[in-house]
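K.L.:
Below you'll find the structure I mean.
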């Protein structure tokens, strides 16, 4: 990337665990200078989360590593007057601040957006919460699982016999973080003198916003959303089908694709079967069509059918494990996974899934140790060694 789009901007990351750190992860990869402001002693809770207990004990848990490369870490006790002063000094130099405390926490600390905007009228302040800063649910705690359930996502995930089902990764946190990153980047694009903006991201609303087809089918067409398992509710055959050695996905959504599918399978007669001849009929008789197709797919392997169908222009693909996806050249050769040195060990972490000017955006530094850059950042604010020592003695850093 010849020029990082957000280079020159400074973002204060006061967030924990996933939604907020994921937001600032995106911004860091786009070139923003991200300063992670953490609680002394413990830091981001994600430092203690992940499948590797040894890393958790060192406050470098896998969950933390995933979302925090490219950031600097300063520890500040925001419950002390001196710590609040440090934050205000950071705000005076920053372009944006992101936090994901429960609504009201920053106000009780005397550090809400109205106070901080006095330090910097151009500050972009982004608050991420489960339900938003107002409304009857605003004060409730919310984790990913809670939001998944309340958004309606779980009610349409799984099959009619297994729903409600949770999406297999923290989808609500991730979507909330992505929405916040987009909003902050958009606000940074407003270069006017009055750029100061308060951004209120509701994870619940952000998730519902991604369900556009489902919501519109309900609100406009009066169709009650329902779980369809691995089947696409808009088309058939479009879903998962079993071959001789496993499962593949086929999405023959268009008429020509369906006719080609039938030809590849050696059953062109299915394309003119009255039950399957048009899109509406295929949806009505989805189960019968799937039975016919799987009987034919049993004669070959997943790889064989994917190759044959793709060659003929019928969208098809294998169902990979995470390991299989990461090791495939399509992923391995595009720069999504990036190497970082942490405690003398090289680890591989996910980037952001985009290329800029033909290259995957990268950050120059690994996830930071807790408070690794405290003295460095305070020095930039004008603190000398004696003043930093005094802050330590007072428990402010």
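K.L.:
From the set of residues in segment 144-181 that are within 14 Å of the chain's Cα centre (by Cα) and assigned to a loop (DSSP other than H, G, I, E, B), which is nearest to residue 99 (Cα to Cα)?
P.N.:
170
K.L.:
Looking at segment 314-331, can you tell me whether even one residue there is over 36 Å from the mean Cα position of the chain (by Cα), more than 30 Å from residue 66 (Cβ to Cβ) and surrounded by 13 or more Cβ atoms within 10 Å (Cβ to Cβ)?
P.N.:
no
K.L.:
Oh, and also: Would you mention how many residues in segment 149-183 are under 21 Å from residue 26 (Cβ atoms) and touching a residue at least 24 places away in the same chain (Cβ under 8 Å)?
P.N.:
So the count comes out to 13.
K.L.:
So which residues in segment 143-161 are in contact with a helix residue (DSSP H, G or I) (Cβ under 7 Å, 6 or more places away or on another chain), surrounded by fewer than 22 Cβ atoms within 10 Å (Cβ to Cβ) and over 25 Å from residue 239 (Cα atoms)?
P.N.:
150 - this is the single residue of segment 143-161 that is in contact with a helix residue (DSSP H, G or I) (Cβ under 7 Å, 6 or more places away or on another chain), surrounded by fewer than 22 Cβ atoms within 10 Å (Cβ to Cβ) and over 25 Å from residue 239 (Cα atoms).
K.L.:
Still on this structure: Given the conditions (1) modelled with pLDDT of 90 or more; (2) closer than 28 Å to residue 34 by Cβ, which single one is not true for residue 195?
P.N.:
(1)
K.L.:
I'd like to check something: does segment 293-303 contain any residue that is within 31 Å of the chain's Cα centre (by Cα) and farther than 18 Å from residue 236 by Cα?
P.N.:
Checked segment 293-303: at least one residue is within 31 Å of the chain's Cα centre (by Cα) and farther than 18 Å from residue 236 by Cα.
K.L.:
Examine segment 14-25 for a residue that is over 20 Å from the mean Cα position of the chain (by Cα), touching a residue at least 60 places away in the same chain (Cβ under 8 Å), part of a loop (DSSP other than H, G, I, E, B) and assigned by TED's automatic domain parsing to the domain that holds residue 338, and state whether such a residue exists.
P.N.:
There is no residue in segment 14-25 that is over 20 Å from the mean Cα position of the chain (by Cα), touching a residue at least 60 places away in the same chain (Cβ under 8 Å), part of a loop (DSSP other than H, G, I, E, B) and assigned by TED's automatic domain parsing to the domain that holds residue 338.
K.L.:
Can you list the strands (runs of 3 or more DSSP E) found entirely within segment 194-265 that contain at least 1 residues being more than 30 Å from residue 139 (Cβ to Cβ) and not assigned by TED's automatic domain parsing to the domain that holds residue 19?
P.N.:
Strands (runs of 3 or more DSSP E) meeting the threshold: 238-242, 247-251.
K.L.:
On the basis of being touching a strand residue (DSSP E or B) at 6+ places or on another chain (Cβ under 6 Å) and without any contact (Cβ under 8 Å) to a residue 24 or more places away in the chain, does residue 372 make the cut?
P.N.:
no
K.L.:
Another question, then. Return a yes/no flag: does segment 68-84 have any residue that is closer than 25 Å to residue 204 by Cα, modelled with pLDDT of 95 or more and in the same structural domain as residue 364 (by TED's automatic domain parsing).
P.N.:
Here is the first cut: in segment 68-84, the ones closer than 25 Å to residue 204 by Cα are 68.
When the remaining residues are screened for being modelled with pLDDT of 95 or more, the result is 68.
Those still in the list that are in the same structural domain as residue 364 (by TED's automatic domain parsing) too: 68.
Yes, segment 68-84 has at least one match.
K.L.:
For residue 311, indicate whether it is modelled with pLDDT of 95 or more, surrounded by 13 or more Cβ atoms within 10 Å (Cβ to Cβ) and either within 33 Å of the chain's Cα centre (by Cα) or assigned by TED's automatic domain parsing to the domain that holds residue 256 (or both).
P.N.:
Working: modelled with pLDDT of 95 or more: yes; surrounded by 13 or more Cβ atoms within 10 Å (Cβ to Cβ): no; either within 33 Å of the chain's Cα centre (by Cα) or assigned by TED's automatic domain parsing to the domain that holds residue 256 (or both): yes.
Here the answer is no, as residue 311 does not meet what is asked.
K.L.:
Out of the residues in segment 314-335 meeting the condition of being touching a residue at least 24 places away in the same chain (Cβ under 8 Å) and out of contact with any strand residue (DSSP E or B) (no Cβ under 6 Å at 6 or more places or on another chain), tell me which one is farthest from residue 240 (Cα to Cα).
P.N.:
Here is the first cut: in segment 314-335, the residues touching a residue at least 24 places away in the same chain (Cβ under 8 Å) are 314-319, 334-335.
Now narrow it down to the ones that are out of contact with any strand residue (DSSP E or B) (no Cβ under 6 Å at 6 or more places or on another chain): 314, 334-335.
Values: 314: 14, 334: 27, 335: 29 Å.
Restricting to residues being touching a residue at least 24 places away in the same chain (Cβ under 8 Å) and out of contact with any strand residue (DSSP E or B) (no Cβ under 6 Å at 6 or more places or on another chain), the top hit is 335.
K.L.:
Give me the residue from segment 40-50 that is in contact with a helix residue (DSSP H, G or I) (Cβ under 9 Å, 6 or more places away or on another chain) and part of a loop (DSSP other than H, G, I, E, B) and, out of that set, surrounded by the fewest Cβ atoms within 10 Å (Cβ to Cβ).
P.N.:
By that ranking, first place goes to 42.
K.L.:
Residues 65, 59: which one is at positive phi, assigned by TED's automatic domain parsing to the domain that holds residue 145 and touching a helix residue (DSSP H, G or I) at 6+ places or on another chain (Cβ under 9 Å)?
P.N.:
59
The values are calculated or read from the model by the stated rules, or taken from the named source; none is laboratory data. Since the model is a prediction, treat every value here as computed from it, not as a measurement. Using ideal geometry, Cβ is built from the backbone for each residue, glycine included, and neighbour counts are taken over all protein chains shown.
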